[in-house]
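What follows is one structure encoded as structure tokens, with my remarks underneath.
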Amino acid sequence: MPSIARRFSAGLSADMDNGSPPRGRSFAVLARWRGLVQGGDVNRHRFVLFAAAACFFLHAPASSAAAAGWLDDYQKAQQEAKASNKLLLLNFTGSDWCGWCIKLNNDVFSQPDFKEYASKNLVLLELDFPWPGRSRWQEQAAELKKQNQELARQYDVHGFPTLVVLDGNGQKLWRFEGYLPGAELIAQLQKLRKG
């Protein structure tokens, strides 16, 4: 084991008796210690990892909701609902921290049957309350935060997820707090459409 310990500079030497990795946070040290790369290969591997991560982040949609047809502007959504004679579904969510909100998105809103129903019958509005300090919160415009807070007060939202359905004139037809399976949600929305 002494030959392995000599590979590292004095400040990054490992305690090879217990098999622990060398101290330090560097990708290069860990990669060399595990025998994944040697010498100058570390910089090439680091560049490849950085390039792959950059491609992923640059091509990812800014918001999964925006990519899925959800609006975030209440006035625009209300106008669209009125013009198209559709119901307006307000989804009050904590998209990056609320477990039930994430489950609702993954199990219901992202499913083909809901997307098909929504495209024909609904205007979708996401009112997001991301965790303060995290990237979604920092990316959210101040006007959007203000709009979402005002709507949460108006519709007396105290928990997430909360779903509110409005008609084209802005009248509240239905409110539900919590998780609702896709088939039950669609059935409820169909009842509201029929009057």
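The values are calculated or read from the model by the stated rules, or taken from the named source; none is laboratory data. Please read all numbers here as calculations on a predicted model, not as lab measurements. No Cβ is skipped: glycine too gets one built from the backbone with ideal geometry, and neighbour counts run over all protein chains shown.
Brief remarks on what is shown
- Screening the range 115-147 for residues that are assigned to a helix (DSSP H, G or I) and among the aromatic types (Phe, Trp, Tyr) and picking the one that is surrounded by the fewest Cβ atoms within 10 Å (Cβ to Cβ) gives Trp137.
- Cβ separations smaller than 6 Å between residues 6+ apart or across chains give the following pairs from the range 168-181 residues that are under 18 Å from Asn121 (Cα atoms) to residues that are among the β-branched types (Val, Ile, Thr) and at pLDDT 95 or above: Leu173/Val165; Trp174/Val165; Arg175/Val164.
- For Arg153: the one exception among (1) closer than 17 Å to Ala68 by Cβ; (2) assigned to a helix (DSSP H, G or I): (1)
- The residues in the range 167-182 that are assigned to a loop (DSSP other than H, G, I, E, B) and closer than 18 Å to Asn106 by Cβ can be counted, and the count is 4.
- Residue list for the range 148-195, restricted to those being at pLDDT below 95 and surrounded by 12 or more Cβ atoms within 10 Å (Cβ to Cβ): Gly168, Arg193
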